[in-house]
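> Take a look at this one; I'll ask things after.
The values are calculated or read from the model by the stated rules, or taken from the named source; none is laboratory data. A quick note: this is a predicted structure, and the numbers were derived from the prediction, not measured. Quick reminder, even Gly has a Cβ in these numbers, built from the backbone with ideal geometry, and neighbours come from all protein chains shown. Just so you know, the surface numbers come from the protein's heavy atoms only, side chains and all, with ligands and any DNA or RNA stripped out. Shrake-Rupley method; radii C 1.70, N 1.55, O 1.52, S 1.80 Å.
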Amino acid sequence: MSTDDREVAMEPSPIAPAAIARTSPQSIAMMRRRRLLRGIGRQALLQALCIFVAITVLFPIVYVIGVALDPRNIARPDGLNLIPPNPSFDAFSRAIAKPSPNNISFLTLAFNSLKLAVATSLVSVAFGVSAAYAFSRLKFKLRSFLMIAVLAVLMLPAVATIAPLFVLLNGIRVGDFVLRNSIPGVALALISGALPFAIWNLKGYLDTIPKDLEEAAAIDGCTRNQAFIHVILPLAMPALAVTAFLGFVAGWTDFYFSWMFLDHPQDFTLTMALYAMVGQYASTTPWNVLSAFAILVSLPVSVVYLFFQRWIIGGLAIGGVKG
């Protein structure tokens, strides 16, 4: 390189002052301030959205609780009174004392709903996990076809199955006993809808459990059934808890099958009694009693959720990992 070339190379670049200006402390501080303001604005927008969603979700609950504690026997709400004057639990005692125009107690209604909920939950999980394990681990003919059939049944709305189930269960009679007009008949109808979901949900989770664990158990001397009971079921507890909880909710809150199938008041459920309050007896039922009864109906579901919360939180989205 010649001397002239070295002198040209040593001369400062004409863009160097601009680059220095762009990276000056004042520019850096301004850029940080803009980023901070942009981050604060984004965070404020997200917080406002979360507050709006929380208010939308919590307002109906707070309003129903406020109406239930209102001691006035008003036929219609007279405003958005979230904090009623002189709140009282008298409406809850009245709802428990006479929950229905029929001669049936609150405990009988609750016990009938509990039988439906427990039967739907336990039977759907027991048969569902067995079928899901077979679909997940075993290779047999028509396996894909049967899984598509399960999905097709799952896509049917519950209302579409009322008529065929009514005819089917009504044809099963033993003397004066009609399966359709009984708690076990309604439970079978509910299980027919909960079982496809249980199979699909549990099968998706069992696919995520490594088969190496069962092979290791087999090396230790476990049979397939022992590996299923002692290895697979403990690992699948989150999915089992979610499926059991959703089955319990389906049985506890069922109205369609109970209303269409049951004729005897001694077999009625809480949801049927709640509907009676807003049906032909709506004009004679105060809103505080209706709200108190609605809270009493929804309270057991909240208690069951709190009991299964440990597993439900970790298992709500795990059933759809693989299909």
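> Per DSSP H run of at least 4 residues, take -39500 (n - 2.57); add these up for the chain, divide by its residues and hand me the 222 nm value, nearest 500 deg cm²/dmol.
Counting only the DSSP helices, I get -22500 deg cm²/dmol.
> A further question follows. Under 10 Å, Cα contacts only: if you run a Gaussian network model on the chain, which one of V278, V289, V53 comes out with the highest mean-square fluctuation?
Sorting by GNM fluctuation, first place goes to V53.
> Also, quick follow-up: Calculate what fraction, in whole %, of the accessible area of the chain sits on carbon and sulfur atoms when a 1.4 Å probe is rolled over the protein chains.
Carbon plus sulfur share of accessible area: 70 percent.
> Also, quick follow-up: To test your reading of the geometry: what angle, between 0 and 90 degrees and rounded to tens, separates the Cα axis of helix 183-206 from the longest principal axis of the chain?
20 degrees
> Pull up the cross-link candidates among the lysines for K115, meaning alpha carbon to alpha carbon under 29 Å and not fewer than 8 places away within one chain.
Cα-Cα hits under 29 Å: K98, K203.
> For the chain, set up a GNM with springs between Cα atoms under 10 Å and report which of S93, S27, S124 has the largest fluctuation.
S27
> In a Gaussian network model over the chain where Cα atoms closer than 10 Å are linked, find which of T161, T285, T56 has the largest mean-square fluctuation.
Most flexible of the set in this elastic network: T56.
> Between rounded, prolate and oblate, where does the chain land on the alpha carbon gyration tensor, with a ≥ b ≥ c its root eigenvalues, rounded for a/c under 1.5, else prolate if a/b exceeds b/c?
oblate
> Could you report the chain's accessible area per residue, 1.4 Å probe, as an integer in Å²?
Per residue, the chain has an accessible area of 61 Å².
> Next question, about the same structure. Sorted by packing (mean other beta-carbon atoms within 10 Å per residue), highest first, where do 298-310, 228-240 land?
Ranking, from highest mean packing down: 228-240, 298-310.
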